[in-house]
Every structure is written in C-alpha cells, then in structure tokens.
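S.K.: I have a structure here, written as structure tokens, and I will follow up with some questions on it.
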Amino acid sequence: MVDSRAQSIKQSSQPQEGCSDPPIVDEVALYYQVVGGEKKNRVYGIGSQASIFYPSSSHGSSSSHPIVLDRGNAEEIQQLHQTIATLKDSLVAMEERDRQRELMLEERYRQREQTLEERMQQMMQNMMSQMMQCDS
C-alpha cells in the first residue's frame, strides 16, 4: 500500500511532457494523502479541524492524487497576490484621502461657525446701537 502511494506521488510530481519546469505540488494535499486521508472526520496531525483544511474530503477517497499546479497556475497565483497587494495599497491611499477630506470639512465647518458667530455679534451690536439712538 505504501509502495503504491509512493509510486503515485512520484508520478504526480514528474514534469509534464513538453515542460522542463517541475510542477508545483500542493503540500497540504500531499500530506493529506500520505497520512492516509480522513478517518472518522480526523486527519493525523490536525485532529478534528480536518474539515477546515479539507472541506470536501469526506466526498473524496484517500487514494486520490495530490493537487499538482502547473507553471501557469503558479504564475496566476503570483499575479493574484500582486493584485491583492496593489488593491491594499490603493485602499490605504483612499482611506488617507478620506481622512484628509474629513479634516478639511471639519476645518471649513469651524470657520463658518466662527463667521456666523462674528456676524451675530455684529448684528447685536448694530441693534443695540439703533436702540440707543431711538432712546435718545
């Protein structure tokens, strides 16, 4: 049984015809296969958390091959990681712009409030002076 698994893994990890680069092997799936798969909803070494790592493992068999990624998939995954990093940087920049706009709006609000207060004081002074003139 171990020899057949080893042979299966060896064949899965060989470069594909016409491709000189070795394939990238999903180490988690390989580990899952080596430990014999799931038994009673458990995988040796990770206990009852197998369903987190292997959500569809109850439907498959322990004799399945590890997931082998070709060079194209690896490059696509790398591009996705770069896209995620770029999007995170963009999000940080957008949050900073929003924070600056919020500060600017708060400052404008304070300035308008101060201007209104000054106008109110001026109006009150004008009214007081008009009342004083009427009394005299």
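S.K.: Out of (1) modelled with pLDDT under 65; (2) in a helix (DSSP H, G or I), what's the single condition that is false for Arg112?
M.R.: Going through (1) modelled with pLDDT under 65; (2) in a helix (DSSP H, G or I) one by one, Arg112 breaks only (1).
S.K.: Also, I was wondering about something else. Test Glu118 against the stated conditions and say whether it is assigned to a helix (DSSP H, G or I) and either assigned by TED's automatic domain parsing to the domain that holds Glu27 or within 30 Å of Glu27 (Cα to Cα) (or both).
M.R.: Numbers: assigned to a helix (DSSP H, G or I): yes; either assigned by TED's automatic domain parsing to the domain that holds Glu27 or within 30 Å of Glu27 (Cα to Cα) (or both): no.
No, not satisfied.
S.K.: Next question. For region 67-80, name all the residues that are in a helix (DSSP H, G or I) and surrounded by 10 or more Cβ atoms within 10 Å (Cβ to Cβ). Lay out the reasoning, then the answer.
M.R.: Filtering region 67-80 for residues in a helix (DSSP H, G or I) gives 71-80.
Within region 67-80, Arg71, Asn73, Ala74, Glu75, Glu76, Ile77, Gln78, Gln79, Leu80 meet the criteria.
S.K.: Which ones in region 109-136 are among the charged types (D, E, K, R) and surrounded by 10 or more Cβ atoms within 10 Å (Cβ to Cβ)? First the steps, then the outcome.
M.R.: Initial filter on region 109-136 (among the charged types (D, E, K, R)): 110, 112-113, 117-119, 135.
Within region 109-136, Arg110, Arg112, Glu113, Glu117, Glu118, Arg119 qualify.
The values are calculated or read from the model by the stated rules, or taken from the named source; none is laboratory data. Every value quoted in this text rests on a predicted model; they were computed, and no experiment measured them. When we count neighbours, we look across all protein chains shown, and the Cβ atoms used for this are built from the backbone with ideal geometry, even at glycine.
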